[in-house]
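Asker: Pasting a structure below so you can have a look.
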Amino acid sequence: MSGGAVPETPQTKSARERLGSTFDRASDLYQRARPEYPAEVFERLIRIAGLRFGDHLLEVGCATGKATLPLAERGFRITCIEAGEQLAAAGRRNLAAFPGVDVVAGRFEDWPNPPLRPCLCSDRLALARSCCAL
């Protein structure tokens, strides 16, 4: 088997959409129930990725901004892409105090990728890849 992407079938698409809508409908509960990430997680992420104050980060699947907020507080500019409309709206509310944070509602796969040169891509803090070469 190759390491390529698995083709999406109507069944897997339907299951993905059902799961995504479940989280989206529960955005308020998600914000209240999801524990905060320890500060050490962010300090280590910044150190390992070699990030500097003001770098532009790309976060795929920011949900309500639970992991985005500590990075915004540390002075990073962040573009967040969230598939759930309600989750994106909650993220915008929770991150409104940070003009350098932009929450885009939509799927990453469909994102038109405007010119931007982020220094880190993350998917709920799982380091996906370095994006500085974009």
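The values are calculated or read from the model by the stated rules, or taken from the named source; none is laboratory data. Here the structure is a predicted model, which is why all the values come from computation and not from measurement. Neighbour counts are summed over all protein chains in view; Cβ atoms, including those assigned to glycine, are modelled from backbone coordinates with ideal geometry. Keep in mind that these areas ignore ligands, DNA and RNA; they rest on the heavy atoms of the full protein, side chains included. Shrake-Rupley method; radii C 1.70, N 1.55, O 1.52, S 1.80 Å.
Asker: Need pairs with beta-carbon distance below 8 Å; first residue more than 13 Å from residue 63 (Cβ to Cβ) and within segment 23-43, second open to solvent by less than 90 Å² (accessible area, probe 1.4 Å) and in a helix (DSSP H, G or I); sequence gap 6+ or separate chains.
Answerer: Sorted first by the residue in segment 23-43, then by its partner, the pairs are 39/70; 42/70; 42/71.
Asker: Hey, another quick one. What about residue 69, is it touching a Leu at 6+ places or on another chain (Cβ under 7 Å), under 30 Å from residue 18 (Cβ atoms) and either in a helix (DSSP H, G or I) or open to solvent by 20 Å² or more (accessible area, probe 1.4 Å) (or both)? Full working, then the answer.
Answerer: Details: touching a Leu at 6+ places or on another chain (Cβ under 7 Å): yes; under 30 Å from residue 18 (Cβ atoms): yes; either in a helix (DSSP H, G or I) or open to solvent by 20 Å² or more (accessible area, probe 1.4 Å) (or both): yes.
So residue 69 fits the description; yes.
Asker: Now, a different point. Mind listing whichever residues of segment 31-59 are open to solvent by 40 Å² or more (accessible area, probe 1.4 Å) and hydrophobic (A, V, I, L, M, F, W, C)? Working first, answer last.
Answerer: Filtering segment 31-59 down to residues open to solvent by 40 Å² or more (accessible area, probe 1.4 Å) leaves 31-41, 43-44, 47-48, 50, 52-53.
Listed by number, the residues that qualify are 33, 39, 41, 48, 53.
Asker: Oh, and also: Quick one: in segment 6-30, which of the residues that are aliphatic (A, V, I, L, M) and part of a helix (DSSP H, G or I) is least open to solvent (accessible area, probe 1.4 Å)?
Answerer: Narrowing segment 6-30 to residues aliphatic (A, V, I, L, M): 6, 15, 19, 26, 29.
Subset that is part of a helix (DSSP H, G or I): 15, 19, 29.
On the way: 15: 42, 19: 105, 29: 98 Å².
Among residues in segment 6-30 that are aliphatic (A, V, I, L, M) and part of a helix (DSSP H, G or I), the one least open to solvent (accessible area, probe 1.4 Å) is 15.
Asker: Report the residue count in segment 86-99 for those that are open to solvent by 10 Å² or more (accessible area, probe 1.4 Å) and at pLDDT below 95.
Answerer: 1
Asker: Among the residues of segment 31-64, how many are in a helix (DSSP H, G or I) and of a type in the set (Gly, Ala, Ser)? Spell out how you get there, then give the answer.
Answerer: Looking only at segment 31-64, we keep the residues that are in a helix (DSSP H, G or I), and these are 31-33, 39-49.
Of the ones still in play, those that are also of a type in the set (Gly, Ala, Ser) are 33, 39, 49.
Total satisfying the criteria: 3.
Asker: Looking only at segment 59-86, which residues are more than 11 Å from the chain's Cα centre (by Cα) and in contact (Cβ under 8 Å) with a residue 40 or more places away in the chain?
Answerer: Scanning segment 59-86 gives 84, 85, 86.
Asker: Kindly provide the set of residues from segment 100-134 that are touching a strand residue (DSSP E or B) at 6+ places or on another chain (Cβ under 9 Å), at pLDDT 70 or above and either open to solvent by 20 Å² or more (accessible area, probe 1.4 Å) or outside any strand (DSSP E or B) (or both), ordered by number.
Answerer: Scanning segment 100-134 gives 100, 101, 102, 104, 105, 106, 107, 108, 111.
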